[in-house]
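Chemist: Shown below is the structure under consideration.
The values are calculated or read from the model by the stated rules, or taken from the named source; none is laboratory data. Values in this document were obtained by computation on a predicted structure and should not be read as measured data. With ideal geometry, Cβ positions are generated from the backbone for all residues, glycine too; neighbour counts draw on all protein chains shown.
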């Protein structure tokens, strides 16, 4: 089960090395594991995506990110179906650059059933800057 009981602080660490280490720790914490277990992470990512995939705010974030050159090139080379493409983008949002934002979005959605406009606007601004 996804852990919504913490705030991501990995980007606030002093050095780049500390930020990366804290990111790894907090990513594991979010999935409730002490060491990387791809089977657990992939299963939870599928469960999370199934819960939130039809939520308009997440669809907007995924659509926005799909237009980035980085993701667009990957999707063109993989040529997944629409649903698989969205699931792929959802998993990519757990990378270092966006983990704090996807975590905040998931916490809001899982705890309240919505993602606030403030959080979605912040997420989209961040995507636009990349």
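Chemist: Would you mention how many residues in segment 25-54 are more than 18 Å from residue 104 (Cβ to Cβ) and part of a helix (DSSP H, G or I)?
Modeler: Residues meeting the conditions: 9.
Chemist: Another question, if that's okay. Among the residues of segment 81-111, how many are surrounded by 15 or more Cβ atoms within 10 Å (Cβ to Cβ) and over 15 Å from the mean Cα position of the chain (by Cα)?
Modeler: Adding up the residues that qualify gives 0.
Chemist: Shifting gears a bit: If we keep just the residues of segment 43-58 that are out of contact with any helix residue (DSSP H, G or I) (no Cβ under 8 Å at 6 or more places or on another chain) and loosely packed, with under 14 Cβ neighbours inside 10 Å, which is farthest from residue 115 (Cα to Cα)? Give the derivation first.
Modeler: Quick first cut of segment 43-58, residues out of contact with any helix residue (DSSP H, G or I) (no Cβ under 8 Å at 6 or more places or on another chain) only: 43-44, 47, 50, 54, 56.
Still in the list and also loosely packed, with under 14 Cβ neighbours inside 10 Å: 43, 47, 50, 54, 56.
Details: 43: 23, 47: 18, 50: 16, 54: 13, 56: 10 Å.
So, considering only residues that are out of contact with any helix residue (DSSP H, G or I) (no Cβ under 8 Å at 6 or more places or on another chain) and loosely packed, with under 14 Cβ neighbours inside 10 Å, the one farthest from residue 115 (Cα to Cα) is 43.
Here's the yes/no breakdown for (1) modelled with pLDDT of 85 or more; (2) assigned to a helix (DSSP H, G or I):
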{"residue": "61", "(1), (2)": "yes, yes"}
{"residue": "64", "(1), (2)": "yes, yes"}
{"residue": "73", "(1), (2)": "no, yes"}
{"residue": "76", "(1), (2)": "no, yes"}
{"residue": "80", "(1), (2)": "no, no"}
{"residue": "104", "(1), (2)": "yes, yes"}
{"residue": "114", "(1), (2)": "yes, no"}
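Chemist: Which of the residues spanning segment 48-69 are free of Cβ contacts under 8 Å to residues at least 40 places away in the same chain and over 13 Å from the mean Cα position of the chain (by Cα)?
Modeler: 50, 54, 56, 63, 66, 67, 69
Chemist: Do the conditions hold for residue 22, that is, is it over 13 Å from the mean Cα position of the chain (by Cα) and part of a helix (DSSP H, G or I)? Talk me through it step by step, then tell me what you get.
Modeler: Numbers: over 13 Å from the mean Cα position of the chain (by Cα): yes; part of a helix (DSSP H, G or I): yes.
So residue 22 fits the description; yes.
Chemist: While we're on this one: In segment 112-130, which residue that is in contact (Cβ under 8 Å) with a residue 12 or more places away in the chain and within 16 Å of residue 53 (Cα to Cα) is surrounded by the fewest Cβ atoms within 10 Å (Cβ to Cβ)?
Modeler: Restricting attention to segment 112-130, the residues satisfying the condition of being in contact (Cβ under 8 Å) with a residue 12 or more places away in the chain are 114-115, 119-120, 122-124, 126-128, 130.
Those left that are additionally within 16 Å of residue 53 (Cα to Cα): 114-115, 120.
Numbers: 114: 13, 115: 22, 120: 20.
Applying the filter and picking the extreme gives 114.
Chemist: Residue 118 versus (1) touching a helix residue (DSSP H, G or I) at 6+ places or on another chain (Cβ under 8 Å); (2) within 23 Å of residue 12 (Cα to Cα); (3) in a helix (DSSP H, G or I): which is the lone unmet condition?
Modeler: For residue 118, the exception is condition (1).
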